[in-house]
Amino acid sequence: MSIKQRKAAGGHDTPALPLEQARANILDAVQPLSDIETVNLHQALHRVLAEPVSAAIDVPAHTNSAMDGYVLRGSDLTAPGTTLKLVGESFAGRPFSGRVGPGECVRIMTGAVVPDGGDTVIMQEQTERDGDQVRFEKPAKPGANVRPAGEDLARGDVALQPGRWLTAADLGVLASVGVPEVQVRRRPKVAFFSTGDELKPVGQTLEPGQIHDSNRYTLFGLLSELGVEIEDLGIVPDRREALDEALARAARCDAVLSTGGASVGDADYVVEALEKHGNVGFWQVAMKPGRPLAFGRIDQAWFFGLPGNPVSAMVTFLQLVRPALVQLAGSRPRLPLQITLPVTADIRKRAGRREFQRGRLLTTEQGLAVAPFGHQGSGVLRSMSEADCLINLAPDQADVSAGQPVTVEPFAQPVWNGD
Ligand code: AMP
Ligand code: MG
């Protein structure tokens, strides 16, 4: 197929790809990186585990007390006001070496080993001590306030599965099973650049017709939040050699993101360069903002050609690129978490394609609601900056009146460790 034909195939007159289909196509293609590194627990935070980690010990290792109080035999304490003989102490790290016999109790602290014979702990506040005699106000619930060995993890249990993006709690779990280092996947290296002769780097004065390149900063932020390694390739002018050079550098990374230039109306040399360096498809995705997307390979790197409009670039990243990068990193992407909320103002929408409007969550007297941002133009970056969620309007949905329920995807949501 000629360049012109390929471009036309992704053109406005062909039926656009539903968003879910575009996402599925991308996720079908992208394979996780296989390189593995060994890191210590500090370095393992927000890395993707490459091996299953099993517990070599019970956690907790010993049956222990959940309270400060006295440990005894539950069967000794059936009547209120019973008195038992104090025979020793069990402190955290300093267990009692004897047994708790009938009619006896042992002073015990939180986390201390429950001595043999004992099965129940009574909290200190419900006791009265006089020398070696301890009086208990109430009868015992046998087994109360005792944490059995292996309650958290039993020896041999898989504590964490491969593919897990390690959270703060996971580091604690690894430490609790005594694992000092783990195997993780290499972090994807993601390059990005902006195309367009109208773009001027921030810090330089704009000539007539120029704008500052904002996409490289939003992408820097989005990629940094995701925790991948980044390489900023700068602004690539609309010149063949410049693009060739950028693509040659980008091809050494695991993924490449460009913004602008992939639209149907853009200079053909972008398509030419992409065809020369790799195998890239040009899609129209049935979503607003967004629409044009180039996806494919440049050598070993996955290439995502995002729209130039700042809001379109961000929304396309969130909906299509981020899940792909999570998968590339070796974890399973979480599908967008959606909540249904009433909208506080009318929304205008044409049926036919999916539309993401920018919204803000707010608490009303009736509960949580979402307010659409006033100006929804795909060039109005402030709509993203003021927003804390996307309002996801289904293709068949038309205008929505104030008070009607809509689907909302908060910006702050888990994107790793899907099912
Ligand atoms: P394009 O996809 O190249 O046709 O660009 C669509 C719109 O987005 C145009 O108004 C561009 O000026 C604007 N645009 C493209 N790239 C950037 C960028 N890096 N930063 C800000 N705006 C951009
Ligand atoms: Mg352009």
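Are any residues in segment 167-193 more than 16 Å from ligand 1 (Cβ to nearest atom), under 30 Å from His212 (Cβ atoms) and part of a strand (DSSP E or B), and if so, which ones? Listed by number, the residues that qualify are Lys189, Val190. Within segment 99-135, the set of residues being part of a strand (DSSP E or B) and acidic (Asp, Glu) comprises Glu104, Glu128, Asp130.
If you go through segment 3-45 and keep only what is assigned to a loop (DSSP other than H, G, I, E, B) and either at pLDDT 90 or above or not assigned by TED's automatic domain parsing to the domain that holds Arg291 (or both), you end up with Ala16, Pro18, Val30, Gln31, Pro32, Leu33, Ser34, Asp35, Leu45. Taken over segment 165-218, the residue count meeting the criterion of being open to solvent by less than 10 Å² (accessible area, probe 1.4 Å), within 16 Å of ligand 2 (Cβ to nearest atom) and of a type in the set (A, V, I, L, M, F, W, C) is 2. The set of residues in segment 194-234 that are near ligand 1 (Cβ under 9 Å from one of its atoms) and among the aromatic types (Phe, Trp, Tyr) contains only Tyr217.
Results for (1) of a type in the set (D, E, K, R); (2) in contact with a helix residue (DSSP H, G or I) (Cβ under 7 Å, 6 or more places away or on another chain), shown as yes or no for each residue.
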position: Arg186; (1), (2): yes, no
position: Lys189; (1), (2): yes, no
position: Gly196; (1), (2): no, no
position: Pro201; (1), (2): no, no
position: Leu206; (1), (2): no, no
position: Gly209; (1), (2): no, no
position: Tyr217; (1), (2): no, no
position: Leu222; (1), (2): no, yes
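Can you tell me which residue among Ala55, Ala112 is surrounded by 15 or more Cβ atoms within 10 Å (Cβ to Cβ), within 30 Å of Arg187 (Cα to Cα) and of a type in the set (A, V, I, L, M, F, W, C)? First the steps, then the outcome.
Values: Ala112 fails: within 30 Å of Arg187 (Cα to Cα).
After ruling out the rest, the residue left standing is Ala55.
When the residues of segment 235-275 are filtered to those that are within 14 Å of ligand 1 (Cβ to nearest atom), outside any helix (DSSP H, G or I) and of a type in the set (A, V, I, L, M, F, W, C), the one that is modelled with the lowest pLDDT is Val264. Among the residues of segment 74-98, those that are open to solvent by 50 Å² or more (accessible area, probe 1.4 Å), part of a loop (DSSP other than H, G, I, E, B) and more than 28 Å from Leu153 (Cβ to Cβ) comprise Thr78, Pro80.
The values are calculated or read from the model by the stated rules, or taken from the named source; none is laboratory data. What you see is a predicted model, and the numbers here were worked out from it, not measured in a lab. Every residue, glycine as well, gets a Cβ built from its backbone with ideal geometry; the counts of neighbours run over all protein chains shown. In case anyone asks, the SASA skips ligands and DNA or RNA and just uses the protein heavy atoms, side chains included. Shrake-Rupley method; radii C 1.70, N 1.55, O 1.52, S 1.80 Å.
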